[in-house]
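Report on the structure given below.
Read-outs throughout are calculated quantities, based only on the coordinates presented, and are distinct from any laboratory measurement. Remember, predicted model here, so these are calculated numbers, not experimental data. Ideal geometry is used to build each Cβ from the backbone, glycine not excepted, and the neighbour counts take in all protein chains shown.
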Amino acid sequence: MEIKKPKTSRRMDRAVRPSRRSSFGSEADFEKIVEMGNDGIFVVGGDGKILFANSMASTITGIPRERLLGRDFPSALGKEEKDFLGSFSGREGAEGQKLCVEMEITTELGEKKAVEVCLVRGTPRQGEGKTYVYLRDITERRRFEKEIRNSEEKLRTLFERVRHGLFVSSKEGRFIECNQAMLEMLGYENKKELLRKDLPQDIYVRVEDRVRFMERAEREGCVKDMEVEFKKKNGEKITVLLTAYPIWNDRGEVVGYEGINLDITERKRIEEELRKANEFFVNLIQSSVDGIIAADMKGNILIFNRGAEALTGYRAEEVIGKIHITKIYPEGVAKEVMKRLRSPDYGGVGKLAPSQLSVVDKEGREVPVQLSAALIYDRAGKEVASVGIFTDLRPRLEMERKLQETHVQLVSSEKMASLGKLAAGIAHEINNPLGGILIYASLMMEDLPEGDPRRQDLARIVSEAGRCKEIVKSLLEFARQTEPKMEPTDVNRAITEGLFFLENQALFHNIRIVKNLDPFLPPVRGHAGQLKQVFMNIIVNAAEAMHGNGVLTIGTSSSSDRKRVIVEFTDTGEGIPPENLPRIFDPFFTTKGVGKGTGLGLATSYGIVQDHGGTIHVKSQVGEGTTFAIELPVWLEAESAVGEEMEREKQSEVAMGR
């Protein structure tokens, strides 16, 4: 069924056709052109009625094309005429001039759309009183623009709310944009003030940092976490981590930079405090003379201080992360330590009161130590490590041993002092009867005729009594505690008298004594009794070193300038270990068993030789023997007389043809 156009529509067509033909040449051309676009096109008569509408006009308004024709144009847009005309209020245009406004329309279906409406008043050539309307649906564009505005607003809000300093700067060294955090970071109140500042001069502490930043940004395409120092408005320095990217123009030239500054001043301060605290903690641990060792619960050593190095002989780098904690204990001890740490009976759970045990050094030797230990827990109360403080007990034990020896030696010294007094008393008591025996034996010998066999017995009595008298004399000299008087002393005689007192003792029965005594030895400046005591001490020590069996060689000689006398005692004993040689003259030092020596003999001898202005030296080889060499200054006043006597004897020997 053919739908006939209403008369009004036909009249509109007739009214439009002349214009179409005159403008486009043919109605077909006009139809084709107006249907090609995406805009709605209306032709409105002078009375406001729609004379023509293309299909897009129908689509935008939601009104079929047939119903648009002859309709008041404002109503097609869901508008009242006054409202529609109000949109163009004050915007009257001349003929042929386009007037455009954006408005919101309501379609017949109630749908609201944003549209752009453009009106062009016809010229006389196009037909008097006609208006050409272009209608463009901008709903999607409006939505997109709104989204962009919302996005920009969100970005701006985000830009301002970020707690780190965001910026855009020019290549010339000015801030173009920055956020509030950047202002606060640098101590400025408003952007206008900061944007006027010259970055290299006013913001960077070191201008070369700005140059270095620009070079890196252009060379590498970005700068990440570059540490630089900035100046705040008040001159205070802050440290920031700078991350930025260059901004390029269409010609590939860098025109600026955008990035973020992270203020790490507080972090740096905390890091420095932590570094100092850690350094103090490390120094505290390393400065301890005691060994401090910490290990995790798997037994991996974490801390090994210098005290532990000295105690065990290991270096820290040899054990940390390489040696299990059980390796520094004797077998089973590490397990026992952990057992005690977890027990309440040894100082409380997690603690170990000072306990004596041993550790094993690098050479496999056990070292006595005192251990105090503790478990380390995390916040959840879980065991994470253990730490121990190891005190080397060797010095203390050695001191205790020495104190014990000293106590024994002091007791022995007291006994010796008492024995000396007793010997002096006994000597005095024996001396008188001996004198009587000698006198009466001598008188009896005088009364007996020559050849009487009893004279031989009496002579033996006189000889032995004389020997006893010499022994008593030596005892008295040994026990006498008087200030020594220095005088010319015959060293050979002092040695001979000392041997006389000793060689009949049981210790010397299997010792061969070889005497190489210089008969022309000059006298020394000294005290005979004290020198005899020195020689006897050395001789007795030599006999004990040979365990009563060996050869003792005693020699005396003069130095080449005849200003000193040299006395040497060489035995074939067991020798002195090298580690003991520096200590043999120390008071109370002895290698003899308890009760067998006081450790004062050589110390006393050393002091006597020093008092005589002499020196005493020792050379020893373990397993071969020992030599003590004593040098004493000669008695210079007697030296000339001795020299003359020696010269006379030499001349006498020459005269006799020897």
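Of note:
- When restricted to Cα atoms, the stretch 289-392 yields an Rg and a Dmax of 12.8, 40 Å, respectively.
- Modelled FRET efficiency - R0 25 Å, residue 504 with residue 455, Cβ distances, 0.05 increments: 0.50
- Computed from the Cβ-Cβ distance with R0 of 51 Å, the FRET efficiency linking residue 442 to residue 549 stands at 0.80.
- When 157, 590 are arranged by Cβ crowding within 10 Å, least crowded first, meaning fewest neighbours, the order is 157, 590.
- Net +/- balance of residues flanking residue 234 in space, Cβ distance below 14 Å, scoring K and R +1, D and E -1: 0
- Fully extended contour minus Cα-Cα distance, from residue 154 to residue 205, at 0.36 nm per residue: 14.9 nm
- Cα gyration tensor, the stretch 318-379 - rounded (a/c under 1.5), prolate or oblate: oblate
- Neighbours of residue 306 by Cβ distance under 14 Å: Lys/Arg scored +1, Asp/Glu scored -1, total -4.
- Sorting 58-68, 565-575, 440-450 by average packing, meaning the other beta carbons within 10 Å per residue, from highest down gives 565-575, 58-68, 440-450.
- Exposure proxy ranking for 361, 263, based on other Cβ atoms within 10 angstrom of each Cβ and starting from the fewest, stands as 361, 263.
- Radius 12 Å from Cβ of residue 330, net charge of other residues (Lys, Arg +1; Asp, Glu -1): -1
- With Cα atoms defining each centre, the stretch 235-249 and the stretch 522-556 are spaced 91 Å apart in the structure.
- Ordered by the number of other Cβ atoms lying within 10 Å of each residue's own Cβ, fewest first, 227, 309 fall into the sequence 227, 309.
- Each residue, residue 324 and residue 394, gets one label point 7 Å from its Cα in the Cβ direction; the gap between the two is 2.7 nm.
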